[in-house]
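Asks: My structure is below; once you've seen it, I'll send some questions.
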Amino acid sequence: MAAAHSHAHAEIKNPGNLKVSGGAKALFLVLIAVGLGCFGYLLATAPARAWSTFLVNHFFFMSLGLSGVFFAAIHAVTGSMWSAPVRRVAESFTGYLPIAALTLIAVFVGTATGQIYEWTHGDVVAADQMLTAKSGYLNVPFFIVRNALVFGALFLFARKFVANSLKQDQTKSFAESARNAALAPGFLIVFALGFTMMSFDQIMSLDPHWFSTIFGVYCFSGLYYSFWALMALSTHGLEKRGLLKGVVNENHFHDIGKFMFAFTVFWAYIGFSQFMLIWYANLPEETRFYLARFDTKWLGLSIFLVVKFALPFFLLLPRAAKRNARHLRRVAVFMLVAQWIDILWLVQPNFFPEGPNLDLFDLGVALGFVGAFAWAVTRFLSKNPVLAYGDPRLAESVHHHHQ
Amino acid sequence: MAGKNTAGIVGFFSDERALLQAAAKVKDAQYLSFDAFSPYPVHGLDQAMGLRRSWLPYVTFGGGLTGVTLGYLLQWWTSSQSWPVNVGGKPFNSVPAWVPVIFELTILFAGVSTVVALILGCRLPNVKKRAFDPAITRDRFAVMIEAPCGGAAPAGGKKFDESEITSFLKSIGAQDVRVVAEEGWF
């Protein structure tokens, strides 16, 4: 008893880094190669399909890359304690951000060459009074400058934030927590405004006649919906490999499960808010978005979005479900796929109004992004400790959750 | 003093860790009934005491389902059956417009039914019960081994023996052990 007691207060040791096997690394690289090959093939044969698929995956994975540092920033601002054992897991998602920068540059190329957005076509804009009026905002140079600036700012914030966190592993001092707590509010403001802007620019402007002020929040709610799913998956994966043993237990999974549940409801709340106001007001310039998705073969995926809410809602409702890591993992996989389909539902009707248009090459591009994300995140975790073991709040959290 | 007038025997502890350990030991000693007192919620106490999961969430769920159903029926009946009114050319039974009210009634029914069930389940309000020591609302933690009603030891329960319980509570680290009379608590 005495031994167990003193153990709870003992200093938490560095659990080490993730060991990524050569086979796994090779698999990720093969997936990336497959993705590049499929994208190249589509680009040569069907550019519209290539860019629509690319944009879906770019936005989905860029959101996940940004989500980790958003989570860490929120928890720095609030001085949160429970999340200390899983903070590094979230921070590892930022490992993907350099690749997100590259895919953003690719989107710029697609934009500048007029292959993605209708408003990049000079003749279309000139013939359309509405687009001419919007051209002060929707023009290629401004699009590239503002998206590059916002992404660059978020990227630099994330780097500084994670660097402080990694430094704390050595110093074990509260000064780094304080520094990040001071950095976080600025990040959160830039993130809120910047991510809204990127959602408007990169997704909403696919249909430049349509507008919805809640659209940025809708994209954010999807970002955080998928973040918690990925968090459950990654934490479970590391715990299964024994890297978070004695640090993470079913109480932490319970907390993650509660957040998965909460942001399932939040996403549905925001999604329905957007839908109901447009449906009620029934203005032609607003309803066109939903008509394009209801009166076509897109209706099936529109109905699927109800399942995106209802399935996790009921699967995560019981307490025991949220405390079962393997159950959470299954729900998390569904949630990630559902979020991907949601972005597909936002993007593709602008390219293929008649209905969903997917084949094996789209799958190949998606697998390429999965490979790139997995490669970048596992690389981060293999270069850095998987636990922020220098965090003064960690001992408290471990102790708190183990009573 | 044992018997009818004794509500129970209470042991005081100075911190939550001591309370958690004491609660687990009292549970293992298998007294008929005992309770723990703390100034604030202590994580893991229900587990240490061996309490079963509360039945309250099922009330909440039932209340929520009732709210969903009634919320829909209310609007369906008033807007499309009893007094149909054409609003903006929309169908009489326009489900999207019902959702906010359904949502609110779900929350209302789930919330109110939970509070009512909690009050009934705790047999509140009870003006007769008083805290046996104001310190348990401030800075002290306590475990009370309760006397069986009427003073008789029921079948299967451990005999309520004042001196045995007093020495037991001391042996598990109580700083102070007191016999609480019914007047003080019940």
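The values are calculated or read from the model by the stated rules, or taken from the named source; none is laboratory data. Quick caveat: nothing in here was measured; it's all calculated off a predicted structure. Cβ atoms come from the backbone with ideal geometry, glycine included; neighbour counts cover every protein chain shown. Just so you know, the surface numbers come from the protein's heavy atoms only, side chains and all, with ligands and any DNA or RNA stripped out. Shrake-Rupley method; radii C 1.70, N 1.55, O 1.52, S 1.80 Å.
Asks: Please tell me if A:PRO356 is within 30 Å of A:LYS297 (Cα to Cα) and either touching a Cys at 6+ places or on another chain (Cβ under 6 Å) or crowded, with 23+ Cβ neighbours inside 10 Å (or both).
Replies: Here the answer is no, as A:PRO356 does not meet what is asked.
Asks: Look at region B:33-65 and say how many of its residues are more than 12 Å from chain A (Cβ to nearest Cβ) and in a helix (DSSP H, G or I).
Replies: 4
Asks: Continuing with this model, one more query. Are any residues in region B:66-123 in contact with a helix residue (DSSP H, G or I) (Cβ under 6 Å, 6 or more places away or on another chain) and assigned to a loop (DSSP other than H, G, I, E, B), and if so, which ones?
Replies: B:PHE92, B:ASN93
Asks: Sticking with this structure for a sec: Can you tell which of B:PHE109, B:PHE103, B:PHE34, B:PHE92 is in the same structural domain as B:GLU164 (by TED's automatic domain parsing) and of a type in the set (Phe, Trp, Tyr)?
Replies: It is B:PHE34.
Asks: Does any residue of region A:68-78 turn out to be free of Cβ contacts under 8 Å to residues at least 12 places away in the same chain and at negative phi?
Replies: The answer is yes, given that some residue of region A:68-78 is free of Cβ contacts under 8 Å to residues at least 12 places away in the same chain and at negative phi.
Asks: Just one of (1) open to solvent by 40 Å² or more (accessible area, probe 1.4 Å); (2) touching a helix residue (DSSP H, G or I) at 6+ places or on another chain (Cβ under 9 Å); (3) at pLDDT 95 or above trips up A:ARG179, so point out which.
Replies: A:ARG179 satisfies every listed condition except (3).
Asks: Which one is surrounded by the fewest Cβ atoms within 10 Å (Cβ to Cβ), of the residues in region A:103-135 that are out of contact with any helix residue (DSSP H, G or I) (no Cβ under 9 Å at 6 or more places or on another chain) and part of a helix (DSSP H, G or I)?
Replies: Filtering first and then ranking leaves A:ASP123.
Asks: Based on what the data block shows, is A:ASP255 under 30 Å from A:SER397 (Cβ atoms) and acidic (Asp, Glu)?
Replies: So A:ASP255 fits the description; yes.
Asks: Within region A:319-338, identify whether any single residue is free of Cβ contacts under 8 Å to residues at least 12 places away in the same chain, within 14 Å of another protein chain (Cβ to nearest Cβ), open to solvent by 20 Å² or more (accessible area, probe 1.4 Å) and farther than 30 Å from A:HIS209 by Cα, and answer yes or no.
Replies: yes
Asks: I would also like to ask the following. Looking at A:LYS258 and the list (1) at pLDDT 95 or above; (2) outside any helix (DSSP H, G or I), which single condition is not satisfied?
Replies: (2)
Asks: Turning to a different aspect of this structure: Would you pick out the residues in region A:299-311 that are crowded, with 18+ Cβ neighbours inside 10 Å and more than 11 Å from A:TRP345 (Cα to Cα)?
Replies: Within region A:299-311, A:LYS308, A:PHE309 qualify.
Asks: Let me ask something else about it. Give me a count of the residues in region A:50-102 that are outside any helix (DSSP H, G or I) and open to solvent by 10 Å² or more (accessible area, probe 1.4 Å).
Replies: Total meeting the criteria: 5.
Asks: Just one of (1) of a type in the set (Ser, Thr, Tyr); (2) in a loop (DSSP other than H, G, I, E, B); (3) buried (at least 20 other Cβ atoms within 10 Å of the Cβ) trips up A:THR296, so point out which.
Replies: (3)
Asks: Check off (1) in a helix (DSSP H, G or I); (2) within 30 Å of B:LYS170 (Cβ to Cβ); (3) within 14 Å of chain A (Cβ to nearest Cβ); (4) of a type outside the set (Ser, Thr, Tyr) for B:LYS27 and give me the number that stays unchecked.
Replies: (3)
Asks: Tally time: how many residues in region B:99-130 are within 18 Å of the chain's Cα centre (by Cα) and open to solvent by 60 Å² or more (accessible area, probe 1.4 Å)?
Replies: 15
Asks: Okay, moving on. If a residue has to be more than 14 Å from every other protein chain (Cβ to nearest Cβ), more than 30 Å from A:ILE343 (Cα to Cα) and not in a loop (DSSP other than H, G, I, E, B) to count, how many in region A:370-403 make the cut?
Replies: Number of matching residues: 6.
Asks: If the requirement is being of a type in the set (Phe, Trp, Tyr), away from every other protein chain (no Cβ under 13 Å) and surrounded by 14 or more Cβ atoms within 10 Å (Cβ to Cβ), which of these qualifies: A:PHE259, A:PHE272?
Replies: Going through A:PHE259, A:PHE272 in turn, just one is of a type in the set (Phe, Trp, Tyr), away from every other protein chain (no Cβ under 13 Å) and surrounded by 14 or more Cβ atoms within 10 Å (Cβ to Cβ): A:PHE259.
Asks: Which one is nearest to B:LEU70 (Cα to Cα), of the residues in region B:83-98 that are at the interface with chain A (Cβ under 10 Å from one of its Cβ atoms) and open to solvent by 50 Å² or more (accessible area, probe 1.4 Å)?
Replies: B:VAL87
Asks: Follow-up question, since we're still on this one. Check A:LEU358, A:LEU367, A:LEU344 and return the single one that is assigned to a loop (DSSP other than H, G, I, E, B) and away from chain B (no Cβ under 14 Å).
Replies: A:LEU358
Asks: Restricting to region A:25-49, what's the tally of residues that are free of Cβ contacts under 8 Å to residues at least 60 places away in the same chain and part of a helix (DSSP H, G or I)?
Replies: Of the residues in region A:25-49, 5 are free of Cβ contacts under 8 Å to residues at least 60 places away in the same chain and part of a helix (DSSP H, G or I).
Asks: Quick check on my filter: what residues within region A:144-161 are open to solvent by less than 50 Å² (accessible area, probe 1.4 Å) and over 17 Å from A:ALA100 (Cα atoms)?
Replies: A:PHE161
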